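Peer 1: Structure in structure tokens, see below.
The values are calculated or read from the model by the stated rules, or taken from the named source; none is laboratory data. Just so it is clear, the structure is predicted and the values come from calculations on it, not from any experiment. Don't worry about glycine lacking a Cβ; one is built from the backbone with ideal geometry, like all the others, and counts go over all protein chains shown. Calculation scope for accessible area: heavy atoms of the full protein, side chains included, ligands and nucleic acids excluded. Shrake-Rupley method; radii C 1.70, N 1.55, O 1.52, S 1.80 Å.
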Amino acid sequence: MQAMPKWADAILIPFISLLLAFILSGLMIMAIGKDPVVAVQTMVQGAFGSTNGLGYTLYYTTNFIFTGLAIAVAYQARLFNIGGEGQVMLGGVGVALVCLAIDWPHWAIALPAAMIGGAVFGAAWAFIPAYLQAKRGSHIVITTMMFNFIASAFVGYLLINFLKVPGSMSTESAGFPDGAHLPNFHDMLAPFGIEFSANSPANIAFLIALLAAVGFWVLIWKTRLGFEIRSFGASETAAKYAGINPVRITIIAMLISGALCGLMAINNVMGEAERLIDNAPEGAGFIGIAVALMGRNHPIGIVLAALLFGFLVQGGAELNLWESIPRELVMVIQGLVILFTGALDNMVRRPLEKLFLALRKAKEA
Amino acid sequence: MTLMKSFLGAAATLALTSGAALADPALIFDLGGKFDKSFNESAYNGAERWAAETGGTYRDVELTSDAQREQALRRFAESGYNPVVMAGFNFATALETVAADFPDTKFAIIDMVVDAPNVKSVVFSEHEGSYLVGVAAAYAAEGDTVSFIGGMDMPLISKFACGYAQGFKSVKPDGTVIVNMTGTTPAAWNDPIKGGELTRAQKAAGSEVVFAAAGGTGLGVLQTAKDEGILAIGVDSNQNYLQPGTVLTSMVKRVDNAVYDAFMQGDALETGFSVMGLSNGGVGVAMDDNNASLMTDEMTAALADAEAKIISGEIVVHDYMSDETCPSY
């Protein structure tokens, strides 16, 4: 029997955890001699106060939706994919190769091709650890983590030796052709008479991320494959007994996970930078783990958690910009949120469960 | 009515104070961060020197993601900061778009050339400074092998290596310069352990002087050179004090001067292309009490001679970045 109603599990616990994290962050801000109220105002104003700020928030959110979904797919099969970072990097290579391959006539043609490129490269990078786990029993946490380093070195090698513009110092590819330019929110909302900042990076990839969230829900809860993934995750031996092939499910779950990570590149590489840069994911693959954890591996939760982390990144940048709060402290705030919502879950859950049980008993009596 | 008045008064004061902030300069650090003991810190020191001398205030920001480059530039320009100075070549793409949108704001970019009417581009002749420390290395080494350890493998660092090799071979034409890069990713800037390993390997191959142009990795090189009893050469800032007695000299790159000058000129910043080389104190060889015992008179004379010849144009040091090849290795 569940101790708590569903709403308390899904909403109340994350909310209280967040509140605790923010109170602690406020104390830290006070400790360095700044005003926490002003800090919160700066963050909210910076992240949601203007269409420009909102555009940045949604841009980061898009990244985190993709990686959050990716981690969650693997987690449904109880596979811990720590390699999101590397898979996003390789996805970026796929997107860049597609965008640079020909002079694209229109983004509507370039986008599906780039999506395939990103997804295939991301999935291919996830395939190797998946195969090693399924066939050889090499632990997926270790292999995916190591593959992040290999990806980083590999992409650096590709950039320096093949993709870099000769004579340029920056380790980045050439700029993508105009035909591969994705419409941003400004272009998309102008026909409806809505004014949106032309200089913010939020683009059509945000909608694709939301579609991916819907696709995730359909896949996991409405298809046979999703059922197999969930059963495998719940109990490997029971799944085997029921005729589910563990090798197949491990590899498929990781391929989908890698493909979702690779898809993120249409946002950061194609939508924002419009060229492949070194270390393009900038930690999104790791933040995806926190997003999936906080979102309880459910698409709605993941979208909301991604929005929260998008707010933290953009609001944190504003704190650094206008309040001179060092970026290290901004990272501490993000770390506290992850700590409280993820690792210290039981700290809030246990007392709440007791409270609800006590309430129920009181009612029954 | 009085309430209204005080509101208006407050609004007016606010407008005035923000007006006072209008002429303030702003500085944007690269992803390495403000206190990297090297490039960014040098920029920071220049800004601090300006603030101490003039009593002025400036705003600065440390970035955490690439998307923030354009964002920070735009936010500073919008808010009226002038000039906006950025440390690092990676800002080029962002600056090209932002500079066009804010024609009345002056920008300065260090280590890169951006061609726009309101941009000052400051580049350094690292190859000339490296040439000089190469000459110093040649005199300090008894044998005919010295070495170089770079941070991330990219043309700018090869420019250091190539200048160094040319300087060394101007004294010992048949000598050997071993060149190693720490890595191909930005992590190579902060890997002192690997820097130490490379130093040991180079010593085993006969190197007597090692020049490190590798950011935080260089700290490991300097330390290991001391442990192994060979000489090292520092970079960017004067690093002679880090391991006194075994750091032969440092190839200093005066990023602080570039920032200081830009801040001093304020919104009247002279735009265009500016090269900071030997002739205008942009690069040089660090001499202080810590390395006085290592620098012989012969060496000092040779350095002064080479410096004069480079400034007069008698010696032309090949710039690796002009054609991505090096004649000396």
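Peer 1: Of all residues in the stretch A:104-114, which are open to solvent by 60 Å² or more (accessible area, probe 1.4 Å), within 11 Å of A:Asp178 (Cβ to Cβ) and either in contact with a Lys or Arg (Cβ under 7 Å, 6 or more places away or on another chain) or part of a helix (DSSP H, G or I) (or both)?
Peer 2: Answer for the stretch A:104-114, where residues must be open to solvent by 60 Å² or more (accessible area, probe 1.4 Å), within 11 Å of A:Asp178 (Cβ to Cβ) and either in contact with a Lys or Arg (Cβ under 7 Å, 6 or more places away or on another chain) or part of a helix (DSSP H, G or I) (or both): just A:Trp107.
Peer 1: Where in the stretch A:156-255 are the helices (runs of 4 or more DSSP H), entirely inside, with at least 2 residues that are acidic (Asp, Glu) and within 27 Å of A:Val313 (Cβ to Cβ)?
Peer 2: Per the criteria, no element qualifies.
Peer 1: Related question: Hey, among the residues in the stretch B:274-293 that are closer than 24 Å to B:Val247 by Cα and open to solvent by 40 Å² or more (accessible area, probe 1.4 Å), which one's farthest from the other protein chains (Cβ to nearest Cβ)?
Peer 2: Among residues in the stretch B:274-293 that are closer than 24 Å to B:Val247 by Cα and open to solvent by 40 Å² or more (accessible area, probe 1.4 Å), the one farthest from the other protein chains (Cβ to nearest Cβ) is B:Ser293.
Peer 1: Tell me which residues, restricted to the stretch A:301-311, are in contact (Cβ under 8 Å) with a residue 60 or more places away in the chain and of a type outside the set (Phe, Trp, Tyr).
Peer 2: A:Gly301, A:Ile302, A:Val303, A:Ala305, A:Ala306, A:Leu307, A:Leu308, A:Gly310
Peer 1: OK, next. Would you pick out the residues in the stretch B:159-188 that are in a helix (DSSP H, G or I) and buried (at least 23 other Cβ atoms within 10 Å of the Cβ)? Full working, then the answer.
Peer 2: If we filter the stretch B:159-188 for residues that are in a helix (DSSP H, G or I), which is where we start, we get B:159-171, B:186-188.
If the condition is that a residue be in a helix (DSSP H, G or I) and buried (at least 23 other Cβ atoms within 10 Å of the Cβ), then B:Lys159, B:Phe160, B:Ala161, B:Cys162, B:Gly163, B:Tyr164, B:Ala165, B:Gln166, B:Gly167, B:Phe168, B:Ala188 are the ones that fit.
Peer 1: Looking at B:Ser322, is it outside any loop (DSSP other than H, G, I, E, B) and either out of contact with any strand residue (DSSP E or B) (no Cβ under 9 Å at 6 or more places or on another chain) or among the acidic types (Asp, Glu) (or both)?
Peer 2: Against the criterion (outside any loop (DSSP other than H, G, I, E, B) and either out of contact with any strand residue (DSSP E or B) (no Cβ under 9 Å at 6 or more places or on another chain) or among the acidic types (Asp, Glu) (or both)), B:Ser322 qualifies.
Peer 1: If you don't mind, there's one more thing I want to ask. Scan B:Phe211, B:Phe160, B:Phe168 and give me the residue that is within 26 Å of B:Asp256 (Cα to Cα), away from chain A (no Cβ under 14 Å) and either touching a residue at least 12 places away in the same chain (Cβ under 8 Å) or within 19 Å of the chain's Cα centre (by Cα) (or both).
Peer 2: B:Phe211
Peer 1: Taking the stretch A:289-329 as the region of interest, how many residues are more than 9 Å from every other protein chain (Cβ to nearest Cβ) and either among the aliphatic types (A, V, I, L, M) or touching a Leu at 6+ places or on another chain (Cβ under 8 Å) (or both)?
Peer 2: The number of residues fulfilling the criteria is 21.
Peer 1: Now, a different point. Farther than 30 Å from A:Asp178 by Cβ and either acidic (Asp, Glu) or more than 13 Å from the chain's Cα centre (by Cα) (or both): is that true of A:Glu274 in this structure? I'd like the intermediate steps shown before the answer.
Peer 2: Numbers: farther than 30 Å from A:Asp178 by Cβ: no; either acidic (Asp, Glu) or more than 13 Å from the chain's Cα centre (by Cα) (or both): yes.
No: the conditions fail for A:Glu274.
Peer 1: Check the stretch A:161-173 and report whether any residue there is of a type in the set (Phe, Trp, Tyr) and surrounded by 16 or more Cβ atoms within 10 Å (Cβ to Cβ).
Peer 2: No, the stretch A:161-173 has no match at all.
Peer 1: While we're looking at this one, here's another question. Would you mind telling me which numbered condition in (1) touching an Asp or Glu at 6+ places or on another chain (Cβ under 9 Å); (2) crowded, with 23+ Cβ neighbours inside 10 Å; (3) over 14 Å from B:Leu269 (Cβ atoms) B:Pro83 fails?
Peer 2: Result: B:Pro83 fails condition (3) only.
Peer 1: Of the residues A:Ser138, A:Ser152, which single one is small (Gly, Ala, Ser), out of contact with any strand residue (DSSP E or B) (no Cβ under 6 Å at 6 or more places or on another chain) and within 14 Å of chain B (Cβ to nearest Cβ)?
Peer 2: Going through A:Ser138, A:Ser152 in turn, just one is small (Gly, Ala, Ser), out of contact with any strand residue (DSSP E or B) (no Cβ under 6 Å at 6 or more places or on another chain) and within 14 Å of chain B (Cβ to nearest Cβ): A:Ser152.
Peer 1: How many of the residues making up the stretch B:37-93 are away from every other protein chain (no Cβ under 13 Å) and part of a loop (DSSP other than H, G, I, E, B)?
Peer 2: 7
Peer 1: Can I ask one more? Restricting to the stretch B:21-42, name every residue that is within 24 Å of B:Ala268 (Cα to Cα) and surrounded by fewer than 18 Cβ atoms within 10 Å (Cβ to Cβ).
Peer 2: Selection gives B:Ala21, B:Leu22, B:Ala23.
Peer 1: Is one or more of the residues making up the stretch A:259-271 open to solvent by 10 Å² or more (accessible area, probe 1.4 Å), among the β-branched types (Val, Ile, Thr), away from every other protein chain (no Cβ under 14 Å) and in a helix (DSSP H, G or I)?
Peer 2: Looking through the stretch A:259-271, none of the residues is open to solvent by 10 Å² or more (accessible area, probe 1.4 Å), among the β-branched types (Val, Ile, Thr), away from every other protein chain (no Cβ under 14 Å) and in a helix (DSSP H, G or I).
Peer 1: Where residues in the stretch A:71-103 are outside any loop (DSSP other than H, G, I, E, B) and among the polar types (S, T, N, Q), which of them is nearest to the chain's Cα centre (by Cα)?
Peer 2: Step by step, filter the stretch A:71-103, then rank; the result is A:Gln87.
Peer 1: In the stretch B:65-105, what residues are within 21 Å of B:Ser42 (Cβ to Cβ) and charged (D, E, K, R)?
Peer 2: Result: B:Arg69, single match.
Peer 1: Could you please find all residues in the stretch A:1-48 being farther than 26 Å from A:Ile302 by Cα and charged (D, E, K, R)?
Peer 2: Result: A:Lys34, A:Asp35.
Peer 1: A follow-up question, please. Only one of these conditions is not met by A:Ser324: (1) part of a helix (DSSP H, G or I); (2) farther than 24 Å from A:Leu207 by Cα; (3) open to solvent by 10 Å² or more (accessible area, probe 1.4 Å). Which number is it?
Peer 2: Every condition holds for A:Ser324 apart from (1).
Peer 1: Can you tell me which residues in the stretch B:294-317 are exposed (fewer than 14 other Cβ atoms within 10 Å of the Cβ) and assigned to a loop (DSSP other than H, G, I, E, B)?
Peer 2: B:Thr296, B:Gly313, B:Glu314, B:Val316, listed by residue number.
Peer 1: So which residues in the stretch A:175-186 are more than 11 Å from every other protein chain (Cβ to nearest Cβ) and open to solvent by less than 70 Å² (accessible area, probe 1.4 Å), if there are any at all?
Peer 2: Of the stretch A:175-186, the ones more than 11 Å from every other protein chain (Cβ to nearest Cβ) are A:176-186.
Answer for the stretch A:175-186, where residues must be more than 11 Å from every other protein chain (Cβ to nearest Cβ) and open to solvent by less than 70 Å² (accessible area, probe 1.4 Å): A:Phe176, A:Pro177, A:Gly179, A:Ala180, A:Leu182, A:Pro183, A:Asn184, A:Phe185, A:His186.
Peer 1: Output yes when any residue across the stretch A:140-154 is hydroxyl-bearing (Ser, Thr, Tyr) and surrounded by fewer than 16 Cβ atoms within 10 Å (Cβ to Cβ), and no when none is.
Peer 2: no
Peer 1: Let me ask something else. Mind checking whether some residue in the stretch A:5-12 is among the basic types (Lys, Arg), open to solvent by 10 Å² or more (accessible area, probe 1.4 Å) and in a helix (DSSP H, G or I)?
Peer 2: Yes.
Peer 1: What tally of residues in the stretch A:330-362 results from selecting those that are within 13 Å of chain B (Cβ to nearest Cβ) and open to solvent by less than 20 Å² (accessible area, probe 1.4 Å)?
Peer 2: The total comes to 2.
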